[in-house]
Amino acid sequence: MKVPLLDLTAQYEQLKDQIEPAVLKQMAAQAFVLGPTVENFENNIARYCQVKHAIGMSSGTDALLCALMAFDIGPGDEVIVPTFTFFATAGVVARLGATPVFADIDPLTYNISPDSLADKITDNTRAIIPVHLYGQMAPMTEIMDIARKYELKVIEDACQSIGARQFGQCTGEFGDCSALSFYPSKNLSGFGDGGMLLCQDDELARKFRYLRMHGEDKRYYHSMVGGNFRLDALQAVVLDIKLKYLDSWAAGRQKNAALYDELLAGVTQVRTPFIARDNVSVYNQYVIRAERRDELKEFLTAQQIGNNIYYPVPLHLQECFSTLGGKSGDCPVAEQACKEVLALPVYPELSPEQIRFVADQIKEFYKK
Ligand SMILES: *Cc1c(COP(=O)(O)O)cnc(C)c1O
């Protein structure tokens with residue numbers, strides 16, 4: 001039996017009768033960038049995420065970059081990010097000439113640790129980018145308490161967590177704004193790159209809209225320096241159709257996760273994901289902690305079971321950030337996680353038989 005880590009064709013088969021005519025119609029209209037199709041999708045995302053404003057962006061990375069630009073983050077400023085995340089979270093900070101400051105994580109959820117975060121605050125700290133990793137939200141109550149105390153901006157990196165809930169609230173309802181990604185491996189995935197910024201504040205939303213158009217407030221009149229961060233209409237067509245299925249796909253992922261939890265419960269060498277109280281995870285990834293992780297990875301790969309390590313190297317130890325002086329031992333919890341985490345297939349179209357096969361192979365491996 002073959003079990004890929006992600007099988008986008010399974011999802012496409014389900015929707016192609018809707019997507020293909022809609023894409024052809026958009027092509028016939030020859031309207032490609034922003035416009036009413038994107039606006040309609042933005043309105044539907046805003047409603048889905050329970051926020052006032054949604055602004056279509058060219059990627060999750062550009063959404064994060066645009067948010068930092070809107071808050072005038074630049075040289076001399078420090079922005080605190082978790083060290084255990086996708087590179088983009090910190091890359092955008094460095095690109096603006098500001099300094100990413102790396103905080104350690106919670107050993108159970110892998111999300112930023114509020115204690116470590118509080119330790120990193122200096123007079124130069126301007127913002128925090130909490131990441132909602134693997135589909136579970138970071139502890140926003142604690143993070144917002146710290147942010148209010150030190151008057152810091154909070155940009156939620158929700159690229160892996162559209163649809164997640166904490167105390168019944170969505171991403172974007174806590175921080176100043178929130179960034180989504182529609183990269184093909186995310187829960188709501190386009191046919192290429194795409195992203196979105198969410199916020200509640202009218203003035204901030206206006207700024208985001210200007211910044212994504214080179215800071216243009218009237219055609220060829222620029223009040224700010226922005227970039228080209230616009231969402232394509234063809235992507236909006238595809239994403240708007242998929243949005244209607246997002247909740248049922250999240251339910252499929254949750255069901256798959258529950259089955260893994262049950263099947264792996266007795267395997268002492270493996271720890272299944274921990275979901276904190278009052279949180280609903282959308283399981284962008286199902287990540288176990290495993291003894292002899294690298295051997296297990298090799299074994300599963302040989303059995304044609306897809307798997308991956310998110311992430312093998314914490315950001316404070318990345319070569320490009322070596323000038324910041326990060327060293328081994330600075331963030332021990334994240335460093336340990338990098339050695340032990342392994343993502344298993346969890347996409348909604350998986351069959352229970354496939355999940356049983358994966359769990360059986362993991363048990364088989366630890367018998368040796
Ligand atoms: C995917 C991802 C991003 C970047 O999104 P892109 O759309 O690929 O630019 C940023 N942060 C996290 C945590 C992500 O998973």
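Just a few scattered comments:
- Complete set of residues in region 20-50 that are touching a helix residue (DSSP H, G or I) at 6+ places or on another chain (Cβ under 9 Å) and at positive phi: L34, G35
- Of all positions in region 296-304, none carries a residue that is open to solvent by less than 30 Å² (accessible area, probe 1.4 Å), closer than 16 Å to N111 by Cβ and either in contact with a strand residue (DSSP E or B) (Cβ under 7 Å, 6 or more places away or on another chain) or away from the ligand (no atom under 16 Å from the Cβ) (or both).
- Considering the conditions (1) open to solvent by less than 20 Å² (accessible area, probe 1.4 Å); (2) assigned to a strand (DSSP E or B); (3) more than 11 Å from the ligand (Cβ to nearest atom), L180 is excluded by exactly one of them, (3).
- Some residue of region 42-59 being closer than 30 Å to C331 by Cβ, assigned by TED's automatic domain parsing to the domain that holds Q235 and in contact (Cβ under 8 Å) with a residue 12 or more places away in the chain: yes
- When S58 is tested against (1) within 16 Å of the ligand (Cβ to nearest atom); (2) within 30 Å of L342 (Cβ to Cβ); (3) small (G, A, S), exactly one condition is not met: (2).
- Top-ranked residue of region 29-47 - restricted to ones that are outside any helix (DSSP H, G or I) and of a type in the set (A, V, I, L, M), ranked as least open to solvent (accessible area, probe 1.4 Å): L34
- The condition of being more than 19 Å from the chain's Cα centre (by Cα), away from the ligand (no atom under 16 Å from the Cβ), at pLDDT 95 or above and on the phi > 0 side of the Ramachandran plot holds for only one of D330, D278, that being D278.
- Filtered residues of region 81-128 (kept if surrounded by fewer than 19 Cβ atoms within 10 Å (Cβ to Cβ), more than 21 Å from A276 (Cβ to Cβ), away from the ligand (no atom under 16 Å from the Cβ) and of a type in the set (A, V, I, L, M, F, W, C)): I121
- Number of positions in region 80-121 that are in a strand (DSSP E or B) and more than 14 Å from G326 (Cβ to Cβ): 2
- Flag if Y260 is open to solvent by less than 70 Å² (accessible area, probe 1.4 Å), in a loop (DSSP other than H, G, I, E, B) and touching a strand residue (DSSP E or B) at 6+ places or on another chain (Cβ under 7 Å): no
- Residue in region 239-247 that is basic (K, R), modelled with pLDDT of 95 or more and under 21 Å from the mean Cα position of the chain (by Cα) present: yes
- Within this structure, V270 fails the test of being over 20 Å from V51 (Cβ atoms) and either in the same structural domain as N187 (by TED's automatic domain parsing) or without any contact (Cβ under 8 Å) to a residue 24 or more places away in the chain (or both).
- Criterion applied to Q11, Q50, Q26, Q18 was being in a helix (DSSP H, G or I), surrounded by fewer than 21 Cβ atoms within 10 Å (Cβ to Cβ) and within 21 Å of the chain's Cα centre (by Cα), and the one residue passing it is Q11.
- Meets criteria (in contact (Cβ under 8 Å) with a residue 60 or more places away in the chain, surrounded by 16 or more Cβ atoms within 10 Å (Cβ to Cβ), among the aromatic types (F, W, Y) and within 16 Å of the ligand (Cβ to nearest atom)) for F71: no
- Scanning region 223-257 for residues that are closer than 21 Å to D17 by Cα, open to solvent by 50 Å² or more (accessible area, probe 1.4 Å) and of a type in the set (A, V, I, L, M, F, W, C) yields a single hit, L234.
- Checked against (1) more than 12 Å from the ligand (Cβ to nearest atom); (2) under 19 Å from T109 (Cα atoms); (3) buried (at least 24 other Cβ atoms within 10 Å of the Cβ); (4) not hydroxyl-bearing (S, T, Y), R165 passes all but condition (3).
- Consider region 142-162 and keep the residues that are within 16 Å of the ligand (Cβ to nearest atom) and not small (G, A, S). The one that is surrounded by the fewest Cβ atoms within 10 Å (Cβ to Cβ) is V154.
- Looking only at region 185-202, residues that are over 21 Å from E20 (Cα atoms) and more than 9 Å from the ligand (Cβ to nearest atom) come to 7 in all.
- Residue match in region 208-222 (condition: at positive phi, surrounded by 23 or more Cβ atoms within 10 Å (Cβ to Cβ) and part of a loop (DSSP other than H, G, I, E, B)): no
The values are calculated or read from the model by the stated rules, or taken from the named source; none is laboratory data. Predicted model only: the values in this text are computed from it and were never measured. Cβ coordinates were reconstructed from backbone atoms using ideal geometry, including for glycine residues, and neighbour counts include every protein chain displayed. For accessibility, only protein heavy atoms count, side chains too; no ligands or nucleic acids. Shrake-Rupley method; radii C 1.70, N 1.55, O 1.52, S 1.80 Å.
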